[in-house]
1. How about the stretch B:86-145: which trypsin sites (Lys or Arg not before Pro) there lie in a loop by DSSP and see at most 15 other Cβ atoms within 10 Å?
2. What is the Cα centroid distance between the stretch A:345-407 and the stretch A:148-176, reported in whole angstrom?
3. Check the straight Cα-Cα distances from B:Lys157 and name the aspartates and glutamates below 12 Å, setting aside those fewer than 8 residues away within the same chain.
4. Please list, in order along the stretch A:67-76, the HN-Hα scalar couplings obtained from phi with the Karplus expression 6.51 cos²θ - 1.76 cosθ + 1.60 (θ = phi - 60°), rounded to whole Hz, x for Gly and Pro.
5. Under the rule a/c < 1.5 gives rounded, and otherwise a/b versus b/c splits prolate from oblate, where does the stretch A:303-411 land using the Cα gyration tensor?
6. Suppose every K and R has +1 on its Cβ and every D and E has -1 on its Cβ; what is the size of the dipole of the protein assembly as shown about the Cα centre, in Debye to the nearest 20?
7. What do you get when you divide the Cα radius of gyration of the stretch A:63-112 by 2.2 N^0.38 Å, with N the number of residues?
8. As an exercise, use a Förster radius of 30 Å and the Cβ-Cβ distance of A:Leu305 and A:Asn113 to find the FRET efficiency, rounded to the nearest 0.05.
Amino acid sequence: MKKLLGITLGIMTALGGFVDLGQIVFTTQAGALFGYQLLWAIALGTFAIIVYMEMCGRVAVVAHEPVFATVRTRLGNRLGLATLIASNLLNLITCSAELGGVAIIIHLLTGWNERLALIGATIILIGFVLISRFQWIERTFGLSGLLMIVFAVSAVALHPDWHQLARGFVPGLESSGSNRGLLYAYFAVGIFSAMLMEYEVHFYSSGAIEEDWKPKDLGENFMVASLGSILGSLLTVGLLVLGALLFLPRHVFPELLSTAIFAGAYPFAQKAIVFALLGTLACITGAAVETALSGAYNVCQFYDLPWGKNLPRRSAPIYNLGWIGMFAVASIIVLTGLRPLQLVNFSIIFGMAVMPFTYYPILRAAADPKIMGKHVNTRLENVIGTALLVLIILCAISAFPLMILTHAGQP
Amino acid sequence: MADKTNHGPAHRQRLNLKGEHHRITGAFLALPLVLLLGCGQKQASRREVQSALLKSISLASESEIFIQYLGQERSTSNFALGHLQYLRDEITRTISDNSKLNTPPSPAPLTNALAIDNFQLRSLQQEVDASRQSSGQPSALDASAQRIREIRITLQKANSSL
């Protein structure tokens, strides 16, 4: 049972990373524009995150080096500090967007004023994280996020063409036009980036240490990383299929969170709307918690300060002030009137630019026999890790030009 | 609004035609306003106008399917009111974005297309507002979805004329 519940770390990490506010809208848009043609980007992103999630979990367990300790030792103080600032800025922007999304969902569920919902939700979240041990945080959001399954059920209920769907796993653009090609590239990079958001590995490696995994648990590490990611990936496929079946034939380009939720409940009646709202709320709230905690983990790991949800609060003051501060500043950013989806579009592309500086140190550490001993990467793992890193670097280079050329993905 | 749907097809057709006339007249009346507002703003390219029209078509199409869905009483009232409000806000933002594209030196077909776009968006905004008031009245929602369908078709014609 304990092992079964251990999977919730992978589920929360993956759902918070894959099925957050940005990914929900972005993937539905990709389906609405290109049908099934971008399914391969989801498959590639899932493979990449499994590889790197397993690697960072292994480094954390064997070398006791969570991601930002690795960043400091592998990149040095200057570049490491720049990566820390960029990553935490990214975490803050994403946390703001997710909190804004939480307020939208509460408004759609209850009709309450969005600003009051935002303030109330932030206070409740801070209180919940403050009193909960790490395991309860991951179990709460990991298990409640499973309500998102309604999106996959809806996608199946709309009767996709399975043959065409399978063809979507092979890269290729069927229609022509330079603008269409650029848009296709933008969405492919965006989907890949959203699946590899840095905070997933920050949170996962810290979670492995919080849960006190030992080298004998490394088999579980692979299972948790794989199952959580595959589940998140299936829900992402569901979102893309909904966009393809419901919006593409009707020329709808979904730009609202509520539009994606409507798609998730479309074939069914009122209860499905409530399920879709609750599932989305769980995932988005999980992502907000993940980014806020990651912000605090990163700072403490970089400066080698005490950190951890399971430590007495007074023993880790910077850590506790860090995540509370993340929540507070993030909610203030949303209260200034910035739209959550504007924030998240920026964070997906900005995240891509920072990504190589997070994944390169993980690969270096996992391939270092001095610290990893017999758990060092195999040659095959090094080849796969390096190939994926090259891909991440290429995406990082192309992300900003694509954003400018496509007006942030506008058709 | 609900009463209109109780009339026969001929009457509905007359109403539709009347609505179409109003829209066309409105578009012509809006033209000078569009030209005035455009002073000192950047020249709209064909691609920008097409992009604006595509966005409006998307908003109209989404409003249409959502209002049909509401007519089938498959949504909760909080979700219905909330989503319609977000749609309305998006339409308002689009009208505001379009106003930055209006410009006198643009070729006539582009200016005409933009005028049609702005007028149809305002009509769409009114329909979305009306649907918020008619929540729980399937016949009124059905009629609204029908009018939005006409708005969408008008926008699609404007887009294909470019």
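Read-outs: derived from the displayed coordinates by stated rules, not from any lab. The shown structure was predicted, so the numbers you read here are calculated from the model rather than taken from an experiment. Quick reminder, even Gly has a Cβ in these numbers, built from the backbone with ideal geometry, and neighbours come from all protein chains shown.
1. Working: sites: B:Arg88, B:Arg93, B:Lys100, B:Arg122, B:Arg132; in loops: B:Lys100.
When the trypsin sites (Lys or Arg not before Pro) of the stretch B:86-145 are filtered for loop state and at most 15 Cβ neighbours within 10 Å, B:Lys100 remain.
2. 28
3. Candidates past the 8-residue exclusion: B:Asp117.
4. 4, 6, 6, 5, 4, 5, 6, 8, 9, x
5. Numbers: a/c = 3.93, a/b = 1.07, b/c = 3.66.
Judged from the Cα gyration tensor, the stretch A:303-411 comes out oblate (a/c at least 1.5, b/c at or above a/b).
6. On the way: 42 positive and 34 negative charges, 77 e Å.
Taking the Cα centre of the protein assembly as shown as origin, the dipole is about 360 debye.
7. On the way: Rg = 17.0 Å, N = 50, 2.2 N^0.38 = 9.7 Å.
After normalising by residue count via 2.2 N^0.38 Å, the value is 1.75.
8. Details: r = 39 Å, r/R0 = 1.29.
The computed FRET efficiency comes out at 0.20.
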